[in-house]
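Take a look at the structure set out below.
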């Protein structure tokens, strides 16, 4: 075997010309005309010898297509993994060969040796031409010999057929005409080149795909419809624990046989199934391969569940909005009173465990600050901190916000669906403020989340596991609500595993001056106030507010103190403020503890103290009277009562008499 025609320029497809007769010479004559389009290798052998010779080229990747003819080509097609193009004899070639035989040897009996089948039309043609024309078909090299012998014995003196038939005829002393024409060979060359190009492109895509698949961290294995492995990447072998020194295909079929069988029986994709294989949990997906509408195989992917969990944590961390970060720490709890020291100690102990925590206290006592401090002092710090006010939205919106929804779950649902706040808080903490205001219908759903640690989106078919710590807060007496039947007892006991009661500001008055100083400094920066005379200015404001520190009821607690200090910092910004403003209108809180007399005004200059008249915290009836007096204006009513709008809203919703 020698490459009689070679043009080894990289990038062009390789075509092997296989023949051991006159066809080889004809092909080698035609090949140079196509030298700029392909590389050609001449293999002067046939059948088994040709297969052995070609495998070397095929394994080396230098042969893309084989060109052959007759039974030799049919044999190669059955025994090679590359395409085989046959040199086909058309009607013109046969007629041309018959005409040549008649011209050279008129009156002689002609025998045709054709591959696979004889032609009835040619039998009729002999009658019209008044010549004796016999045909025999062959399918193997032995049948060629038998055909020539039979025709010779039957009186045929001219043999028309393939190269081997011509060679046998010459040896028998007969005339011969080579059946294959230059045109037939050229047509086969053109088909071979086009097929080789397509084969190259297909192989290039296959190699590229295999390269991509080989670098995937997820395991991938593709099977044909009969279950034979077509592609498998190293990740899949590693995930399944396949021994590469043994039969890889057999091990894959043993490991993935169940998935293949179920995928074939069900005929649909199977996604995100958890399977235990090789001592680890794998997330398996089975997808059908459909080619032109017909199923042609199955692709199975596998992912280590631990890797998926790490990716999930990374995504949640990187995509977490900035507002889902807890800013405060337990050190931000200002005060040295016994009450606040107790809160600080209980919060520190609660942070060491993941148990559900219930914070109880009036509005404005710092329940969210404590919740953030507990989160930042525990193992979940750095993960999401999600706060939600259960009294802020209607029942339908609360359910969607907390638990999420799938696309199309209800009219107006977000396209693509929406994760609930429990999902957003995964691996972190969710703070449920005003939990006592949660509608009864949603209390059972919250209870299930606390029990099962999974949420069911609106419109979803399955639950989503979550890992969150729940911190709840309320200003209501939940025990009393349980007795009244408006709050589920089982939910109360779930929430009340750990409990911290936050003292009202009036119960820790010794902490108020220090709190006021810190809030005053914060207001100065927040509202762009001058720092030039900050020390003197702050001292005078604190002296002015001192009567409120000692006697005011502080129904709005720290939030109200912050508002009052900010108001004083803004309005009382220079030395003449007492003369320019009606202090009673600016600071109605003084009316709650006594008239603002000249003595009180004098406190602006010398810090003298005024003994006030204490007034209890506002009630629902006080709120209704204030609203009536101010024409329903809630902002004005809140200022008149010295409370925040949230407290006003809460008192409006409270039962009569509270």
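Entry remark, the stretch 43-71: residues being buried (at least 20 other Cβ atoms within 10 Å of the Cβ) and not in a helix (DSSP H, G or I) number 9 in total. Pick from the stretch 283-300 the residues that are within 25 Å of residue 239 (Cβ to Cβ) and free of Cβ contacts under 8 Å to residues at least 60 places away in the same chain: which of them is farthest from the chain's Cα centre (by Cα)? Only one residue fits best here, namely 288.
Looking only at the stretch 217-236, residues that are assigned to a strand (DSSP E or B) and closer than 13 Å to residue 284 by Cβ come to 3 in all. Just so you know, in the stretch 343-370 the residues that are in a helix (DSSP H, G or I) and without any contact (Cβ under 8 Å) to a residue 60 or more places away in the chain include one that is nearest to the chain's Cα centre (by Cα), and it is 351. Within the option set 250, 214, 255, being closer than 17 Å to residue 280 by Cα and without any contact (Cβ under 8 Å) to a residue 40 or more places away in the chain holds for one residue only, 255.
Tell me whether the stretch 32-41 contains one or more residues that are out of contact with any helix residue (DSSP H, G or I) (no Cβ under 6 Å at 6 or more places or on another chain), surrounded by fewer than 18 Cβ atoms within 10 Å (Cβ to Cβ) and closer than 17 Å to residue 140 by Cα. No. Here residue 404 passes the criteria (1) in contact with a helix residue (DSSP H, G or I) (Cβ under 7 Å, 6 or more places away or on another chain); (2) within 30 Å of residue 512 (Cβ to Cβ) except the one numbered (2). Across the stretch 97-115, which residue is modelled with the highest pLDDT among those that are surrounded by fewer than 14 Cβ atoms within 10 Å (Cβ to Cβ) and assigned to a helix (DSSP H, G or I)? Restricting to residues being surrounded by fewer than 14 Cβ atoms within 10 Å (Cβ to Cβ) and assigned to a helix (DSSP H, G or I), the top hit is 104. Just one of the listed residues (133, 151) is touching a helix residue (DSSP H, G or I) at 6+ places or on another chain (Cβ under 8 Å) and surrounded by 16 or more Cβ atoms within 10 Å (Cβ to Cβ), and it is 133. Right, residue 239: surrounded by 12 or more Cβ atoms within 10 Å (Cβ to Cβ), at pLDDT 80 or above and either in a strand (DSSP E or B) or in contact with a helix residue (DSSP H, G or I) (Cβ under 7 Å, 6 or more places away or on another chain) (or both) or not? Answer is no for this residue.
The values are calculated or read from the model by the stated rules, or taken from the named source; none is laboratory data. Since the model is a prediction, treat every value here as computed from it, not as a measurement. No Cβ is skipped: glycine too gets one built from the backbone with ideal geometry, and neighbour counts run over all protein chains shown.
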